1. Considering every residue in A:257-270, what mean count of other chain Cβ atoms within 10 Å of its Cβ is obtained?
2. Of B:Val81, B:Gly65, B:Phe279, which is farthest on the positive side of the dipole of the protein assembly as shown, counting Cα position, with +1 on Lys and Arg Cβ, -1 on Asp and Glu Cβ, and the Cα centre as origin?
3. Across peptide A:157-164, how many C-beta atoms of other chains are within 10 Å of each residue C-beta, on average?
4. Taking K and R as +1 and D and E as -1, what net charge do the other residues with C-beta under 11 Å from the C-beta of A:Glu179 add up to?
5. B:Ser136's amide H: which non-local residues (gap 5+, or another chain) put their own amide H closer than 5 Å, with H modeled 1.01 Å from N in plane and none for Pro or chain starts?
6. Find out how many positive minus negative residues lie around A:Pro198, taking Lys and Arg as positive, Asp and Glu as negative, among other residues whose Cβ is under 15 Å from that of A:Pro198.
7. Got a sec? How would B:Ile27, A:Ile23 order by Cβ neighbour count within 10 Å, fewest to most?
8. Counting Lys and Arg as +1 and Asp and Glu as -1, each charge on the Cβ, what is the dipole of the protein assembly as shown about the Cα centre in debye, to the nearest 20?
Amino acid sequence: MTRAALRRVTRRAALYAAALGFIGFAGFPFYWMLVTAFKQNRDLYVGASDLSHVPWIFNDPPTLEHVKLLFGQTDFPHWVLNTLLVVAAVVIITVAVAVPAGYSLARLAGRWGERLGMGIFFTYLIPPTLLFVPFARLVSLLGLQNSLASLVLIYPTMTIPFCTWLVMGFLRSVPWEIEEQAMIDGYSRLAVIVKVAPRLIVPGILTVIVFTFTLVMQEFVYALTFISSVDKMTVSLGVPIALVRGDVYHWGALMAAALFTSIPLAIVYNVFIDRFIQGFTMGAVKG
Amino acid sequence: MMERRTFADREDVLGAVMLAPALAYVIVLVGVPFVLAIVLSFSNATAGSLSFGWAGLGNYAAILGDPIFLRALRNSAVVTVGTQLLVVILATAAAQVFRATFRGKRFARFVLLLPWAVPVSLAAIAWTWIFDSTFSVINWTLKASGLLHGWLYWLGDPGLALTAIIIVQAWRIFPFATVIVLAGLASIPQEIVEAAVVDGAGFWRRLFQVELPLLLPVVAVAVLFGVVYTATDLGVVYILTGGGPANTTHVLPTLAFQRGILGADLGQGAAIAVFLLPFLIVVAVAMLRLARRAEVGGAAR
């Protein structure tokens, strides 16, 4: 083997080793969820100081016991339903508010659009952990404490800024000519917005829906602040807070819940990642 | 011609009408609460009653004399900085790997994105199980490979617990940073890299003297978002340690939650949360400068 060939092989090997390392670090907790969710209790609860019992593999046959417990005897199905209800409501509000705003900033507001858009985007950086104190007060003033309505009211404060920015950025990549042609053909400006623009924005709207879905699925701080009864919880709140009964952690059921919630989100992220990134990098990365 | 210029053709009016709901939402439900968050920190408001009086600097005096708060403030800084250091190293290295083509890359990318996609609270509960005092798989693996002789109480010892928190935060944020750095790498003009190669620059030289300087603005964006995500995160610490043992691992958000919501002392909770502002102001100013530079650069091109 020549020196050059040897070097090439070493470099390939190093590449695969590094890739495996990163996958291992990123994926290990998910592998651990998978193993825990389907292990029998006597295989699961063996102290880590017992070196003869390898925890990484199934020493006994896998079981569906924890999954049955999760879906049959906990509020998990209820939380999934609550989460989907909130997702639906927040998606409607976000699309109705952010899409026209994004269009306005990109097409109608002229040179003020960019600045105003950035101003709105910056509010996305104001974190829930700064706002939860005043919101706790506001929510109790409105009598919304411990209700899903509180989440429906507050979540758009996170989705609207980011989605307005997303739609604005998206529209910049859509040629203006189609709308211009429609106006030459005698459409009024309003008719263009109502009849022509929606078709052009569809992919942008899809991104908005997906972003809103992932954000509502992930949100924890506001849910923790506003919701106190178990039957009103969302998945991301109920699983870590209410699946723990007293001091007893049902690790199998907990990890099954974490796993089942992660999978749809992971798939969605893989499909939409590039669009999100365009939003985050704000033109600092231009081709 | 004049009468045709109706509402339907007034761009400024249409623009304002379409923007108004978003602007109203942001002003009423972000702007006003933001001001209120600061106002409340000077009050003695409690969750129980809606009326409140002024406390002046009372809340600030109380927390600045409180060792638990000072510890939380320090923890927040340590966790935020420690996490970003780890993230920058991991993300630039991972980006070098993931720009190459190799077999199974699609699957590798899927796995890499998992930590970012999973809800923080669910990731935190999984890590709580991984760091469990009796069943920790990390301890088993370290012991089985002969690296550990005693026992690590990951979440029971303040130093180890902070380390665990940094590991989880870095794990959660580095995939996002990697993807951003990859986007940056893709946008480096190929001529520059080729010219460096022609001039005889090897892998390391190309990386440190050509690519990393060009990547700086992009890495900065990743770090800035990372700072916001880490400094303002409540879920990881709340679930992993709950601020314990003995209030040693609180960060600003968890302490603000404990005092303001659980303890019903809204004023003090608000005052603690206000200390997040320095982190955010640094980020906002840096972002604006970056955006301006991108604008100027774009105009020059």
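1. 5
2. B:Val81
3. If you average over the peptide's residues, the count of other-chain Cβ atoms is 3.
4. +1
5. A:Ala48
6. Taking every Cβ under 15 Å from that of A:Pro198, the sum is +3.
7. By the 10 Å Cβ count, ascending: B:Ile27, A:Ile23.
8. 1360
Readers should treat all values here as calculations from the given coordinates under stated rules, not as data from a laboratory. All values reported here derive from a predicted model rather than from experimental measurement. Cβ coordinates were reconstructed from backbone atoms using ideal geometry, including for glycine residues, and neighbour counts include every protein chain displayed.
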